[in-house]
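Here's the structure, in structure tokens; my notes come after.
The values are calculated or read from the model by the stated rules, or taken from the named source; none is laboratory data. All figures in this text were calculated on a predicted structure; none of them were measured in a lab. FYI the Cβ positions are ideal-geometry reconstructions off the backbone, even for glycines, and counts take in every protein chain you see. What goes into the accessible areas is simple: the full protein's heavy atoms, side chains included, and nothing from ligands, DNA or RNA. Shrake-Rupley method; radii C 1.70, N 1.55, O 1.52, S 1.80 Å.
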Amino acid sequence: MEGGLPPVTLILGGQRSGKSRLAETLIEDAAGGGLYLATAEARDGEMTDRIAAHRARRGADWETIEEPLDILEQIREHAAPDRPVLVDCVTLWLSNLMAAGRDPAAEVEVLAQGLDGLPGSVVFVSNEVGLGIIPANALARAFVDAAGLANQRLAARADRVVFTAAGLPLVLKGH
């Protein structure tokens, strides 16, 4: 992919598809580094290890802020022309919202509408979770539905949308 960062980019893919690494590379190529807005919470050892691996991969040119719920506030506060914001990831944010009893669809709409006029670029990373079988339980189906609708809404708002599989990017929208 060529060119600088558009105002809003959405990178989709499955687990371990290379989407986070692609997002980091896009920001490093455009600005040398940026703000990593992490939505994950280390609730078990496996997630602690994942978070550590992500941190170790990034260099000193990255600042990290952990925010599991109120990401728009952080994006607005920290987006700058010379410092893009990477939000990793939307699907963990959605699960945090659901666990907190908040309405994911309403929160996504507020987020999408709140992205206009930012002084810097933002890159969202989100899992595409709807490519497999329909989950057997209601909570899992509600999550898959919320993620699919969030991805659609953010894709509609984004200037560039990229799907990642096996570490390979496929541009779906923009350039």
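Please report Rg (one decimal) and Dmax (integer) in Å for the Cα set of segment 31-116.
Cα radius of gyration and Dmax of segment 31-116 are 13.4, 38 Å respectively.
Which residue, GLY32, GLY148, GLY45, tops the fluctuation ranking in a GNM of the chain built on C-alpha contacts under 10 Å?
With Cα springs under 10 Å in the chain, the top fluctuation among GLY32, GLY148, GLY45 is at GLY45.
Want the number for ASN137 to GLU66: 0.36 nm per residue separation, take away the alpha-carbon distance, what's left?
On the way: separation 71, 0.36 × 71 = 25.56 nm, distance 2.99 nm.
Separation in residues times 0.36 nm, less the Cα-Cα distance, equals 22.6 nm.
Rg/Rh for segment 11-80 to two decimals, with Rh computed the Kirkwood way over all alpha-carbon pairs.
0.95
Go through segment 41-48 residue by residue and turn each phi into a ³J(HN,Hα) via Karplus (6.51, -1.76, 1.60, θ = phi - 60°); whole Hz please, and just put x for glycine and proline.
Listing the rounded values in order: 10, 7, 9, 7, x, 5, 5, 4 Hz.
Once you list every other residue whose beta carbon is under 14 Å from the beta carbon of LEU72, what net charge do they have if Lys and Arg are +1 and Asp and Glu are -1?
Taking every Cβ under 14 Å from that of LEU72, the sum is -3.
What residue among GLN15, TRP93, ALA136 has its Cα farthest toward the positive end of the dipole of the chain, where the charges are +1 on Lys, Arg and -1 on Asp, Glu, each on the Cβ?
Value computed over the given set: ALA136.
Using the heavy atoms of the protein chains and a 1.4 angstrom probe, tell me the accessible area per residue for segment 66-124 in square angstrom. Before the final figure, lay out each step's value.
Details: 2460 Å² over 59 residues.
Value for segment 66-124: 42 Å² per residue.
Using Cα atoms only, what is the angle between the long axis of helix 138-157 and the major principal axis of the chain, expressed in degrees (0 to 90) to the nearest 10?
30
Determine how many Å³ per residue the convex hull of the Cα atoms of segment 82-175 encloses.
On the way: hull volume 10.7 nm³, N = 94.
Normalising the Cα hull of segment 82-175 by residue number yields 114 Å³.
With charges only on Cβ, +1 for K and R and -1 for D and E, what is the dipole size of the chain about its Cα centre, in debye, rounded to 20? Walk me through the intermediate numbers first.
On the way: 16 positive and 24 negative charges, 102 e Å.
Its charge dipole is roughly 480 debye.
Which residue, THR91, THR39, THR48, has the most motion in a Gaussian network model of the chain that connects Cα atoms within less than 10 Å?
Result for the chain, Cα springs under 10 Å: THR48 fluctuates most.
Can you run phi through the Karplus equation (6.51, -1.76, 1.60; θ = phi - 60°) for segment 102-108 and list ³J(HN,Hα) in whole Hz, with x for Gly and Pro?
Running phi through 6.51 cos²θ - 1.76 cosθ + 1.60 with θ = phi - 60° gives 9, 7, x, 4, 5, 5, 5 Hz.
If you place +1 on the Cβ of every Lys and Arg and -1 on the Cβ of every Asp and Glu, how big does the dipole about the Cα centre of segment 1-93 come out, in debye to the nearest 20? Don't jump to the answer; show the numbers that get you there.
Working: 10 positive and 17 negative charges, 62 e Å.
Roughly 300 debye, rounded to the nearest 20.
Would you calculate, for the chain, the mean residue ellipticity at 222 nm contributed by helices, counting each DSSP H stretch of 4 or more residues as -39,500 (n - 2.57) and dividing by all residues, to the nearest 500? Each step should come with its number before you reach the end.
Values: 6 runs with 74 residues, N = 175.
Here the helix-only value at 222 nm equals -13000 deg cm²/dmol.
For the chain, treating each Cα as an identical point scatterer without solvent, what Debye log10 I(q)/I(0) comes out at q = 0.10, 0.13, 0.14, 0.19 1/Å?
Debye curve over Cα of the chain, log10 I(q)/I(0) at q = 0.10, 0.13, 0.14, 0.19 Å⁻¹: -0.34, -0.60, -0.70, -1.39.
For segment 26-66 and segment 145-164, what is the centre-to-centre distance using only Cα atoms, to the nearest Å?
Segment 26-66 and segment 145-164 have Cα centres separated by 21 Å.
Could you sort 23-29, 11-17, 116-122 so that the peptide with the highest average Cβ count within 10 Å comes first and the rest follow in order? Walk me through the numbers before you get to the answer.
Working: 23-29: 20.0, 11-17: 18.4, 116-122: 16.7.
Most protected by this proxy first, the peptides run 23-29, 11-17, 116-122.
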